[in-house]
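Trainee: Could you have a look at this structure, given as structure tokens, before my questions?
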Amino acid sequence: MKYFEFVNKTKLIAGKHALEQLNYQCQQYHMTYPLILTDEVLIEVNVYSQCIKHLSLPYITYSHIPVDSSIHIVQDIVNLYKDNNCNGIIAIGGGSVLDTAKGVYLMLSQEVSSFENIIGFENLKKGKDIPFFAIPTTSGTGSEATSVAVISNPDKGIKMEIISEFMQFDVAFIDPKTTLNLPLKTTASCTIDALTHAIEAYTCSGKNPVSDAYAITAIKLIVENIHQVIHHPEDKESRLALAVASYNAGCAFSNSMVGIVHGIGHALGAVCHIPHGDAMSMLLVPSMKFNKDQCKDLYGELLLYIGGSELYARTSKEKRSDKTIECIETLLHQLHIITKLPISLLSIDDLKNYIDEIVEKAMNDGAMIVNEKYVDYQDVIDILGGYYGY
Ligand SMILES: [Fe+2]
């Protein structure tokens with residue numbers, strides 16, 4: 001067994017009444033005057049009010065976090081926190097809110113005056129203790145469980161990926177009330193993002209036995225519950241299961257890494273402004289077909305969880321990896337028919353005009369390094385060009 005490290009310090013509170021624990025947990029962590037971070041949409045659709053319904057503490061709220069947050073927003077929030085002498089952070093939202101909160105937390109706990117001072121994350125040591133809670137409202141990014149945050153620096157025109165175990169949340173609350181009214185297409189897109197986290201975590205070169213356990217649990221929960229959620233979006237049990245799957249997939253990839261689907265997907269998002277989960281839905285199958293010769297055995301193992309025990313038992317070892325990819329293709333088509341989830345790169349207008357730019361960006365993405373199979377420029381062109389099918 002190879003040397004590995006695994007970090008997950010976050011206490012998970014999951015269930016249909018998890019949010020009712022928020023006030024008690026604030027007391028347990030000595031949080032008496034929190035700064036709550038969220039976005040305007042969550043206030044509009046009443047998810048924010050559901051989350052704070054049981055909070056009987058004084059608090060202040062910052063809700064101007066956009067989809068693509070920046071270091072300037074992080075700085076504004078840090079100033080607000082200090083000006084009001086808050087003593088804890090509660091982040092309510094999807095990836096952008098949770099990642100912004102991690103940036104705020106890092107600046108406060110590391111006691112730095114500028115975000116630039118925490119770049120060079122490999123040198124970070126444990127900072128000041130600040131109670132730090134997450135309430136995720138999408139079942140996809142798994143940000144509530146990861147040591148990763150993506151925050152843009154508009155001055156340099158780049159998205160910065162910050163990785164540090166010292167910005168993990170203390171407590172994450174997973175309650176189906178936060179995802180119950182997510183539109184079906186968003187649900188499908190986020191779920192495929194989580195599924196991709198799990199599959200890439202299980203098959204990339206950074207995998208380890210502990211991340212494998214989280215990845216497999218995530219895959220099982222997704223396969224067992226996605227159809228029920230799509231046909232009965234009001235089903236709290238299944239919504240909860242997908243949210244727990246997303247958390248598990250986050251734990252898995254935060255401790256192993258991802259791979260080529262994310263490498264090309266990040267570039268596709270940056271160049272063509274494709275939502276992250278949609279990019280995953282378009283790239284997962286072509287990328288698995290590209291990886292297949294190198295990941296044959298691992299893809300074959302996943303058939304047990306993706307296709308079920310009967311299909312696994314009646315499929316010869318030789319054919320299991322193909323069957324796994326076939327099952328994922330079928331799932332994507334079903335989601336496409338019901339939710340209009342885009343699953344083909346052909347749905348991107350003028351893709352061929354952007355291929356050079358996408359390939360350039362993808363090849364510089366850190367996720368490519370841990371892809372189990374070596375990837376070169378022509379491989380990315382082939383995937384984008386449909387050589388591995390759409
Ligand atoms: Fe992702």
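The values are calculated or read from the model by the stated rules, or taken from the named source; none is laboratory data. Keep in mind that what you see is a predicted model, and the values were worked out from it rather than measured. Cβ atoms come from the backbone with ideal geometry, glycine included; neighbour counts cover every protein chain shown.
Trainee: Any residue in region 171-196 that's assigned by TED's automatic domain parsing to the domain that holds Gln25 and of a type in the set (Gly, Ala, Ser): show its pairings with residues that are away from the ligand (no atom under 16 Å from the Cβ) and assigned to a loop (DSSP other than H, G, I, E, B) at Cβ separation under 6 Å, as long as the two are six or more apart or on different chains.
Mentor: Pairs found: Ala172/Thr10.
Trainee: Search region 274-314 for residues being more than 16 Å from the ligand (Cβ to nearest atom) and either among the aromatic types (Phe, Trp, Tyr) or not in a helix (DSSP H, G or I) (or both), and hand back the single one that is farthest from Thr141 (Cα to Cα).
Mentor: Ranking the candidates gives Tyr312 first.
Trainee: A further question follows. I'd like to check something: does region 223-230 contain any residue that is charged (D, E, K, R), part of a loop (DSSP other than H, G, I, E, B) and under 24 Å from His333 (Cβ atoms)? Outline the logic, then answer.
Mentor: Here is the first cut: in region 223-230, the ones charged (D, E, K, R) are 224.
When the remaining residues are screened for being part of a loop (DSSP other than H, G, I, E, B), the result is none.
Within region 223-230, none of the residues are charged (D, E, K, R), part of a loop (DSSP other than H, G, I, E, B) and under 24 Å from His333 (Cβ atoms).
Trainee: Checking the conditions here, which among Thr217, Thr187 is within 16 Å of the ligand (Cβ to nearest atom) and crowded, with 19+ Cβ neighbours inside 10 Å?
Mentor: Details: Thr217 fails: within 16 Å of the ligand (Cβ to nearest atom).
So the residue among Thr217, Thr187 that is within 16 Å of the ligand (Cβ to nearest atom) and crowded, with 19+ Cβ neighbours inside 10 Å is Thr187.
Trainee: Exactly one of (1) in contact (Cβ under 8 Å) with a residue 24 or more places away in the chain; (2) closer than 30 Å to His276 by Cα; (3) touching a helix residue (DSSP H, G or I) at 6+ places or on another chain (Cβ under 9 Å) is unmet by Thr32. Its number?
Mentor: Result: Thr32 fails condition (2) only.
Trainee: Name the single residue, out of those in region 197-213 being away from the ligand (no atom under 15 Å from the Cβ) and not small (Gly, Ala, Ser), that is nearest to His232 (Cα to Cα).
Mentor: Asp212
Trainee: Right, another one. Can you name the condition, by its number, that Val112 falls short on among (1) among the aliphatic types (A, V, I, L, M); (2) touching a residue at least 40 places away in the same chain (Cβ under 8 Å); (3) surrounded by fewer than 17 Cβ atoms within 10 Å (Cβ to Cβ)?
Mentor: (2)
Trainee: While we're looking at this one, here's another question. Evaluate the following for Thr217: is it part of a helix (DSSP H, G or I), touching a Leu at 6+ places or on another chain (Cβ under 9 Å) and polar (S, T, N, Q)? So that I can check it myself, show each step before the final result.
Mentor: Details: part of a helix (DSSP H, G or I): yes; touching a Leu at 6+ places or on another chain (Cβ under 9 Å): no; polar (S, T, N, Q): yes.
Judged against the criteria, Thr217 is not a match.
Yes/no per residue for (1) over 23 Å from Ala267 (Cα atoms); (2) in contact (Cβ under 8 Å) with a residue 40 or more places away in the chain; (3) surrounded by fewer than 21 Cβ atoms within 10 Å (Cβ to Cβ):
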position: Met282; (1), (2), (3): no, yes, no
position: Pro286; (1), (2), (3): no, yes, no
position: Tyr299; (1), (2), (3): yes, yes, no
position: Ala313; (1), (2), (3): yes, no, yes
position: Leu335; (1), (2), (3): yes, yes, no
position: Thr339; (1), (2), (3): yes, yes, yes
position: Ile343; (1), (2), (3): no, yes, no
position: Asp350; (1), (2), (3): no, no, yes
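Trainee: Looking at region 191-201, can you tell me whether even one residue there is farther than 26 Å from Ile337 by Cα and assigned to a helix (DSSP H, G or I)?
Mentor: Yes, region 191-201 has at least one match.
Trainee: A further question on this structure: Before we move on, is Leu124 surrounded by fewer than 23 Cβ atoms within 10 Å (Cβ to Cβ) and in contact with an Asp or Glu (Cβ under 9 Å, 6 or more places away or on another chain)? It would help to see each step written out before you state the result.
Mentor: On the way: surrounded by fewer than 23 Cβ atoms within 10 Å (Cβ to Cβ): yes; in contact with an Asp or Glu (Cβ under 9 Å, 6 or more places away or on another chain): yes.
Yes, satisfied.
Trainee: Condition check: within 16 Å of the ligand (Cβ to nearest atom) and part of a helix (DSSP H, G or I). Does Ala149 satisfy that?
Mentor: Working: within 16 Å of the ligand (Cβ to nearest atom): yes; part of a helix (DSSP H, G or I): no.
It is false that Ala149 is within 16 Å of the ligand (Cβ to nearest atom) and part of a helix (DSSP H, G or I).
Trainee: Do we have Ser109 as over 26 Å from Tyr24 (Cβ atoms) and either within 16 Å of the ligand (Cβ to nearest atom) or in the same structural domain as Glu165 (by TED's automatic domain parsing) (or both) here?
Mentor: Details: over 26 Å from Tyr24 (Cβ atoms): no; either within 16 Å of the ligand (Cβ to nearest atom) or in the same structural domain as Glu165 (by TED's automatic domain parsing) (or both): yes.
Judged against the criteria, Ser109 is not a match.
Trainee: Please pick out the residue among Tyr3, Tyr24 that is without any contact (Cβ under 8 Å) to a residue 24 or more places away in the chain, assigned by TED's automatic domain parsing to the domain that holds Leu98 and surrounded by fewer than 13 Cβ atoms within 10 Å (Cβ to Cβ).
Mentor: Just one listed residue meets the conditions, Tyr24.
Trainee: Quick check on this structure: which one of Ala194, Ala172 is within 29 Å of Ile43 (Cβ to Cβ), more than 14 Å from the ligand (Cβ to nearest atom) and small (Gly, Ala, Ser)? First the steps, then the outcome.
Mentor: Working: Ala194 fails: more than 14 Å from the ligand (Cβ to nearest atom).
The unique qualifying residue is Ala172.
Trainee: Residues that are surrounded by 14 or more Cβ atoms within 10 Å (Cβ to Cβ), under 23 Å from the mean Cα position of the chain (by Cα), modelled with pLDDT of 95 or more and of a type outside the set (A, V, I, L, M): does region 53-66 have at least one?
Mentor: yes
Trainee: Moving on. If I ask for residues that are of a type in the set (A, V, I, L, M) and either touching a Phe, Trp or Tyr at 6+ places or on another chain (Cβ under 6 Å) or within 16 Å of the ligand (Cβ to nearest atom) (or both), which ones from region 220-267 would you list?
Mentor: So in region 220-267, the residues of a type in the set (A, V, I, L, M) come out as 221-223, 226, 229-230, 240-245, 249, 252, 257-258, 260-261, 264, 267.
Within region 220-267, Ile222, Leu242, Ala243, Ala245, Ala249, Ala252, Met257, Val258, Ile260, Val261, Ile264, Ala267 qualify.
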